[in-house]
Structures are given as structure tokens and as C-alpha cells.
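Visitor: Take this structure first; my questions come after.
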Amino acid sequence: MLQSQLFTKTRKEAPKDEVAKNASLLIRASFVDKLHAGVYTYLPLGFLVLKNIEKIIREEMNAIGGQELLLPALHPKENWEKTGRWESMDDLYKLTDGSGKEYALGATHEEVIVPLAKQFVSSYKDLPFSAYQIQDKFRAELRAKSGILRGREFIMKDLYSFHRNEEDLNSFYEEVRGAYTRIFKRCGIGNETHYTFADGGSFSDYSHEFQTVTEAGEDIIHICKGCKTAINEEVIAEQKDCPECDGKSLETRKAIEVGNIFPLKTKYSDPFELTYKDEAGKEQPVLMGCYGIGLGRLMGAIVEVCNDENGIIWPDEVAPFEYHLIAISGGDGEAMKQAQEFYEELKQKGHTVLFDDRDTGAGEKFKDADLLGVPKRIVMSAKTLEEGKVELKRRDEEDSQLVAREDLLG
């Protein structure tokens, strides 16, 4: 991509009403734009990051057998009345059309996926299976104040699994745990993200969250110094020791919830009478699990963890580009010409490149490069041309080095 062709531009300052670091940096770098509280536009660079996160999640969900679908966002009131959440869910957006029919905007999708599954599940032979989607959710969030960490409209991956018994549910639950661990590692925050025991409500001893340690976090967790498992503050009064290894040395930190997994059991299958016939022909309830990751929240958490005083430092696999190529123009324009040729060569070799071909000073180019946070910066100038090489610098390192062009084309 040619930087001169981007219709968006970086900003020197973020809007004064943004206090969250993720929002400040993402808006300044023109990855997102705030429409109003809790609702953001993903601009071209931000959309590239979002699609890379989506790709990682999709690959890991497919690897454990998840089948992707896309469920409606406009839900009939009757489905939500069946589960009792039409009245009990206080952040549900409700609307009425011209005929007087009432709907909910999808805050979550149990009320849609369960009656859908009921059409296809009748026998034990139809189980287990899991289905997921990546799409918009809507919640009337009162605390829409943490940038893209907590929004009123947001993109979520929600996976639902369907099982014959608890043994099967628990087995798949652990598969999802492993997939989530891989997702957060690939997104560059694996070392800071902890499997966390949380409140399971009335139908399970625990649910589980994945919490990323950062001072921007809204949750308090207690991390076992032995196995690194954590306990959410909300259950610490009941659980004094690590539930994984019985460790007694716990460290208290602030954290952001970037994912959750929940053993629903029959909470939503019962209202819709989702059952199956076992081998003896006896009717049995279908057990369920649900598993969520907010893509925007994950993107915001990455920025909260991966930054410095100059801007964002994108992890390799989620970055919008692999290289940020910068041409420092001399009097004869040879560096720009050579950079243009190298840009085309890199693209032909399958590399993704943001080429700063703008007619502006070196200082502004370097400042923007640090703000945008592309992992590897390549500089071509009269000096590097004399050496017959290019200057390569990683965004997360202080020093640069001169390397041969051929070394970057492989």
C-alpha cells in the first residue's frame, strides 16, 4: 500500500474525551475513528489488523472442529421471552417495527443457535458438534469509556458446543482452552494472559476467563506464582488457594478480560426443549458450552500491552503490514526510485508492505512509523545506496542494521 494514497492521516493528538491508551493511540494512528461513545469505525489500517486477528481465531476454531456460520442480528422477542432474558437482561437493545412487532438486537446468540440446533438434533448420533460465528453484537453498555475495550457495538467470535453428557462437554471445554491459549500467544499477548477462574453463576461452580495483565484493566485477578493460573477477585473470598495446583502464593494485578468459556449445561437447551434420544431410545437433555472472544477488545488489549512512548508496537502476526518501507529523498531522487522498485519486488515475493512515498521530511516519516507500529522498518536513502544495502530496524528494538536487499526478499 502506498502511504500517499491512504485517505486517512495520522494525528498529533487524540480527542480530549478519550482517556484509554488504546483509543488514544488507535485514533492518533488512524486505525479507528470514534463515531460516538462505544461505537467505532475501523479505518483501512485498523481493518487489516482486525482481519488478521479474525484469521488467527478462525484457524484455531476450525482446528478443533468448529463449523462457521452467520446468525441473524435481529431476533424475535419470543425467543428471548423463552429464556427469561427479555426482562432480565438490562443491556439488551429492544426495538419495535411499524407493525408493532418487537425485536432484540443480538447481544449474544443462545436464543438463536439453540432453536436452530433443535431442527437438526434428534439422536445421540447427531452429537457432539460445535458451531461459531464472527459478527456484530449490540449491548446498551453504560460504561462505554475504555476505548474499544468496552463498546455498544462490537465484533465477537461466539462458539457454541452441543454434547450428550458432561464428560463429552468437559473434554471439548479443554480443547477450547488450548485453542484460546494458542490464539492469545499468536496475537502476541500470551505471556501476559492468564486462564482465570470466575463465577459460574447458578449452574456451574466456575466459568473461566482469559485475563491479560495491564494497568488499563477493569478487573482484579490473583495470579498463582507457581502455575500462572489466576482467580478473579469476584470469587477470591471463597477460593483462597490456586484451584489448579493448590498454590498459596498469589500475586494481585489489574487485567482485561479478552475471552471467556462457560459450561452452560442445560440452561438454554431446557427452555427450547433441545433433547436427543440415547441408544435406548430415552429422551435426554443436550448439554452446551459457550465460548467468546471480542475481536475489538482483543485488539485494544494488544495495544494496551504492546506500546511505548512513541506509539504502537504490533506483534508480527496481527500487524497490518510486515514492512514499513521509507524512502528518504535526496536531491537526485534516486532513493525514491530505488525504493519504488524494491517495493514492487517485496510485493512480488508475497510480503505485505506499507511504502511511505510521501514528499515530506525524514523526521515526520520516522515519527509516523513509530506511531503506526509496523514490526519492521526499512529505510532507503543516499547513504544506504552508497553501501549497496538497506537499513532494517525492528519496532521493538533500539538498534538498526544494514542488510542486503536480497536477504529481505526470501
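Visitor: With at pLDDT below 95 and among the aliphatic types (A, V, I, L, M) as the only criterion, which of VAL121, VAL39, VAL114 stands out?
Guide: Details: VAL121 fails: at pLDDT below 95; VAL114 fails: at pLDDT below 95.
Only one candidate qualifies: VAL39.
Visitor: Kindly check whether there is at least one residue in region 15-22 that is under 27 Å from PRO375 (Cα atoms), assigned by TED's automatic domain parsing to the domain that holds VAL303 and of a type in the set (A, V, I, L, M).
Guide: Yes - at least one qualifying residue is present in region 15-22.
Visitor: Search region 180-200 for residues that are within 14 Å of CYS227 (Cβ to Cβ) and pair each with any residue that is among the aliphatic types (A, V, I, L, M) when their beta-carbon atoms are under 6 Å apart and the residues are at least 6 apart or on different chains.
Guide: Qualifying pairs under 6 Å: HIS194/ILE223; HIS194/ALA230; THR196/ILE221; THR196/ALA230; PHE197/ILE231.
Yes/no matrix, rows are residues, columns are (1) closer than 30 Å to HIS194 by Cβ; (2) without any contact (Cβ under 8 Å) to a residue 24 or more places away in the chain; (3) among the aliphatic types (A, V, I, L, M):
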| site | (1), (2), (3) |
| --- | --- |
| GLY363 | no, yes, no |
| VAL374 | yes, no, yes |
| ALA382 | no, no, yes |
| LEU385 | no, no, yes |
| LEU392 | no, yes, yes |
| VAL403 | no, yes, yes |
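Visitor: Within region 25-47, can you find the residues that are on the phi < 0 side of the Ramachandran plot and buried (at least 19 other Cβ atoms within 10 Å of the Cβ)? Show your work before the answer.
Guide: Of the residues in region 25-47, the ones on the phi < 0 side of the Ramachandran plot are 25-29, 31-37, 39-47.
LEU25, LEU26, ILE27, ARG28, ALA29, PHE31, VAL32, TYR40, TYR42, LEU45, GLY46, listed by residue number.
Visitor: State all residues of region 228-252 that are out of contact with any Phe, Trp or Tyr (no Cβ under 9 Å at 6 or more places or on another chain), surrounded by fewer than 18 Cβ atoms within 10 Å (Cβ to Cβ) and not polar (S, T, N, Q); if no residue qualifies, say none.
Guide: GLU233, GLU234, ILE236, ALA237, GLU238, LYS240, ASP241, CYS245, ASP246, GLY247, LYS248, GLU251
Visitor: Would you mind finding the one in GLU304, GLU364 that is assigned by TED's automatic domain parsing to the domain that holds THR41, of a type outside the set (A, V, I, L, M) and more than 18 Å from LEU43 (Cα to Cα)?
Guide: The unique qualifying residue is GLU304.
Visitor: HIS163 fails exactly one of the following numbered conditions: (1) without any contact (Cβ under 8 Å) to a residue 60 or more places away in the chain; (2) of a type outside the set (Lys, Arg); (3) crowded, with 20+ Cβ neighbours inside 10 Å. What is the number of that condition?
Guide: Failed condition: (1).
Visitor: Something else now. Could you go through region 236-254 and let me know if any residue there is touching a residue at least 24 places away in the same chain (Cβ under 8 Å) and under 18 Å from ARG297 (Cα atoms).
Guide: Looking through region 236-254, at least one residue is touching a residue at least 24 places away in the same chain (Cβ under 8 Å) and under 18 Å from ARG297 (Cα atoms).
Visitor: Another one. For region 172-275, list the strands (runs of 3 or more DSSP E) that sit wholly inside it and hold at least 1 residues that are among the small types (Gly, Ala, Ser) and out of contact with any Leu (no Cβ under 6 Å at 6 or more places or on another chain); which are they? Explain how you work it out, then say what you get.
Guide: Numbers: elements: 193-199, 206-213, 219-224, 230-232, 250-265.
It comes to 193-199, 206-213, 230-232, 250-265.
Visitor: Under the condition of being part of a loop (DSSP other than H, G, I, E, B) and not basic (Lys, Arg), which residue from region 143-171 is nearest to ASP278 (Cα to Cα)?
Guide: Restricting to residues being part of a loop (DSSP other than H, G, I, E, B) and not basic (Lys, Arg), the top hit is ASN165.
The values are calculated or read from the model by the stated rules, or taken from the named source; none is laboratory data. Predicted, not measured: the structure shown is a model, and the values here were computed from it. Here Cβ is always computed from backbone atoms with ideal geometry, including for glycine, and neighbour counts include all displayed protein chains.
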